[in-house]
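Some notes on the structure that comes next.
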């Protein structure tokens, strides 16, 4: 920080004070220091790292990101102050956080075909759907433990039904949707430990095959999206027949309605009765393919459709209580952010838009991120942070966004082809699968 | 008093009479004005005249009944008599009360007598007893109409005026005409024919003054003569020479002075510059090399003058071209026709037609987001499924592929081994089948998409085919044989000639195939004979899928068929030949219309979803829009593409249409058709979609709109399919 001070006398200096919410080892003394105003993020990061090093000698440099007045610094300090009209006379408070960057790229999980969907809502494993009609459970990078077999068409969407109760229940409960117009529910023992021993024994190459316990029929066209109720009792699905169906996931409750259809034998798998389930109710209103459904609260469902509308459905009445017309065919949708109320959606263009449904009377998105160059296939909010957002696009890139800056925080560029799906996993990793039949895991992302 | 009361009446009457004599032609109702007080005078006259008129004639006018019926038709001189007669016949009271017969004598004479006069029989008429003033006053206050009472001195009686009479009096007092209905200022109808009068109005001789010179004129002349003599008036004033003149003024201003002839100033010769100086600076002097190089130049490009240096003016030789150049200049001036060019200052922007802004016409396809890669050869034809979930493509590499629109994934592929010409998806959602034309065959393929019952339905539809049926068709010499193709899982229709295109009817049961007579290319001499024998009618066939039947189009075609199309809502069939488009009614089996394209060669046709508008793409890059209600000539011809248009397409729901061409671009237009018949369709060019690359000289071969989104698929010769989104 001092080096360029004597080289260039004419560089303006600003009085700054570094503050942070980070834990003590990452805290720097809050005394005001004067730094040259032409520093960028990198320069500021070096200063902080130097300060930390002065505190403890065995400090490893770490990238930081800097916020002034709740906005990320993405240019030189001087330009930023001029652009925002902030006076350089006062002592400037700069908040720093750990830079949100993938620090580690793990081995890709190779699939047989394009990876269409991924769900990482459970920290112990993640689930992928693939064009070969199989769902796969991955314990970690490159470690497939279970294969869900049964769909006759490509698996288009997957959802883990028991994300939180996993620790208590040792059963994995998932739902998959497919192009063959059905959804299937799967339930199996999460015997990772036994599998681990198997892995040790060298049988990891043969993941266990699982057969669905229930087939949900009722859609008359490809099912595009599936989402589970937070309690896990129901799932909803959006389809090309422009309806949203609600299904019971319960195995035994509605046994009267169910009919045991076939008994199948699959290799050495246990003979398991397969039940067929019918939709509990159908939400009609969209006029085109329902491309994405989200079920954030027990009584509301959000859906996005190719008929350019986003709707919020009330489960009790079965009506859409809120309807927004966006003007583009929508591909993906997620609800999250501030108070879990913001709607992020990717349309048939390269812009990621975020709406606030609490603002009445406006259809204008409150944020627009347009760094992608093709259709956005997935957008996901981070489930802990209000600011962080993940998007994947057909241009082969996945991007991490922070609402506090218009530039992407990080670009995950490992895919060779379209990225069809992406999700957060374990809170600090991003799993993304694409048309290159690979699923990449970028980990070590320090989202607070 | 009595006299005073009567006199004014008679005066009024006299005035009337005077007026009547003035404009005797008028129907003067004003004279009617006889109040009853004046009646006895008129009565007397009537006695004298002794004339009688039938009463009924008089009573014609109901309005005037009360007042004086005689007024109704007073006409000229007769008016008086009528008047009197009326008076006589009028009132019953006349007979009751004996009338005074004293005549027109001053009533004063009877002032002191007890009688006022004598009646007809000569008896005295006694004066009535006079009321005293108090009782008079009381009467007047009691009786509301007492103000209307008049005392008649002559007859010594009280007369009560009727309302109408009172009104008449009031009008007279105001100086108006007595009757409100009379218009005193009515337009004057001149009933004398002044034109072509045989005789002049006045026969008076020309007045003398017309022959006498004016005195005032002669006086004026004398004045002028004096003024001229005295020198006060001068002719031909010496012209004032301008003291200063513009030395460097433009000669062109001369033209303003010479008004009569349109003088055009000659172009000015070039003024001499520094290089024409006798001693120019060194840099003006060309080197010897340059001078030599001038010799190599064309005569016209060669500089006319080569500068040279002379030490003094004395040594300058005479200019050798002086005579020649001045002669040429003269020739220029004399022979070169010059014309004054009037430049019109029009803003070229204002000449452009007013079109709505492109921003207001959104959405329309703009950018390419998805490419469908996989074909090895040029993609010749594409077709979208009714929901827009799938798109099928046929390629010159002999394959047909089905793609998922949203992801760009190829989900199904068939190989034929021969270049695919055309693919068409069945418009019905329930029957996901594909018609493909390959060489001489048309295949109906089961795509295997859809649910169980749909699959079953398709299987039934495509399965009934039995070998016996084939024999039947062989017997009936159908042009087409229906076969079952197991390897591809569908039907195969063998055609006698190469099939270029397949089009489905909107109900998904019928489809038409076009076989342009390829014989032309092989045996040109044979072609004409064939065309007249079989070719023309066999070129287009209509097939029915449910019955597996084929029939020829019962119309005679004039020319080579290029493509065909079904009307989107009615049983109308469009066949485009190379020159024009014929519109047939399939039910009545007759020609409805013939659209004259004016194109050299038609390549494609598309029907507006409303059915009344047709666009036709031509080989030379022209696109014709026909409004079939308007005329059989194109409503608009759009010349956009520099090369051949390969295909045109309408959007099924948005007001969009597109054309694609060999120049590797596709154009998107806004084509709004209004339901109001008075409003012509609005056509606005919106976007040029680029991105395809040329391969073997071919560009974009097909374009289709997404059925529900404002997106456009284009198929290129570069083996790519692109999706352009809004």
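Annotations
- Taking the criterion of being more than 10 Å from chain A (Cβ to nearest Cβ) and farther than 30 Å from residue B:418 by Cα, the residues of the stretch B:363-381 that qualify are B:364, B:365.
- Complete set of residues in the stretch B:410-467 that are over 54 Å from the mean Cα position of the chain (by Cα) and in a loop (DSSP other than H, G, I, E, B): B:416, B:417, B:418, B:448, B:451, B:464, B:465, B:466
- Residues considered: A:392, A:329. Of these, the only one that is at pLDDT 90 or above and buried (at least 24 other Cβ atoms within 10 Å of the Cβ) is A:392.
- Counting only strands (runs of 3 or more DSSP E) that sit completely within the stretch B:573-622, those holding 3 or more residues that are free of Cβ contacts under 8 Å to residues at least 60 places away in the same chain, surrounded by fewer than 20 Cβ atoms within 10 Å (Cβ to Cβ) and under 31 Å from the mean Cα position of the chain (by Cα) correspond to B:590-596.
- Members of the stretch A:416-448 found to be away from every other protein chain (no Cβ under 14 Å) and outside any strand (DSSP E or B), listed by number: A:426, A:427, A:428, A:444, A:445, A:446, A:447, A:448
- Taken as a whole, the structure places residue B:360 among residues that are under 42 Å from the mean Cα position of the chain (by Cα), within 14 Å of chain A (Cβ to nearest Cβ) and free of Cβ contacts under 8 Å to residues at least 24 places away in the same chain.
- Which numbered condition residue B:306 fails, given (1) surrounded by 10 or more Cβ atoms within 10 Å (Cβ to Cβ); (2) within 56 Å of the chain's Cα centre (by Cα): (2)
- Being within 14 Å of another protein chain (Cβ to nearest Cβ) and part of a strand (DSSP E or B) is a condition met by no residue of the stretch B:664-687.
- Filtered by the rule that a residue be within 14 Å of chain A (Cβ to nearest Cβ) and assigned to a loop (DSSP other than H, G, I, E, B), the stretch B:688-726 gives B:691, B:706, B:707, B:708, B:709, B:710, B:711, B:726.
- Lone unmet requirement of (1) surrounded by 15 or more Cβ atoms within 10 Å (Cβ to Cβ); (2) more than 14 Å from chain A (Cβ to nearest Cβ) for residue B:413: (1)
- Selection of the stretch A:342-357 for residues being away from chain B (no Cβ under 12 Å) and closer than 26 Å to residue B:706 by Cα yields A:344, A:345, A:352, A:353.
- Scan of the stretch B:274-299 for residues that are over 21 Å from residue B:318 (Cβ atoms) and outside any helix (DSSP H, G or I), ordered by number: B:281, B:286, B:287, B:297, B:298, B:299
- Considering residues of the stretch A:77-111 that are in contact with a helix residue (DSSP H, G or I) (Cβ under 9 Å, 6 or more places away or on another chain) and part of a strand (DSSP E or B) only, the residue surrounded by the fewest Cβ atoms within 10 Å (Cβ to Cβ): A:98
- Within the stretch A:293-341, the residues that satisfy the criterion of being more than 14 Å from chain B (Cβ to nearest Cβ) and part of a loop (DSSP other than H, G, I, E, B) are A:298, A:299, A:315, A:316, A:317, A:318, A:337, A:341.
- In the stretch B:96-202, counting only strands (runs of 3 or more DSSP E) that sit wholly within it, the ones holding 1 or more residues that are surrounded by 10 or more Cβ atoms within 10 Å (Cβ to Cβ) and touching a helix residue (DSSP H, G or I) at 6+ places or on another chain (Cβ under 8 Å) span B:115-118, B:149-152, B:157-160.
- Single unsatisfied condition, residue A:297 versus (1) within 28 Å of residue A:406 (Cα to Cα); (2) in contact with a helix residue (DSSP H, G or I) (Cβ under 9 Å, 6 or more places away or on another chain): (1)
- Residue in the stretch B:383-398 that is over 30 Å from residue B:710 (Cβ atoms) and either assigned to a loop (DSSP other than H, G, I, E, B) or modelled with pLDDT of 85 or more (or both) present: yes
- Residue list for the stretch B:671-700, restricted to those being under 16 Å from residue B:377 (Cβ atoms) and crowded, with 23+ Cβ neighbours inside 10 Å: B:692, B:699, B:700
- Qualifying residue in the stretch A:273-292 (condition: at pLDDT 90 or above and away from chain B (no Cβ under 14 Å)): no
The values are calculated or read from the model by the stated rules, or taken from the named source; none is laboratory data. Nothing here was measured: the structure is a model prediction, and the numbers come from that model. FYI the Cβ positions are ideal-geometry reconstructions off the backbone, even for glycines, and counts take in every protein chain you see.
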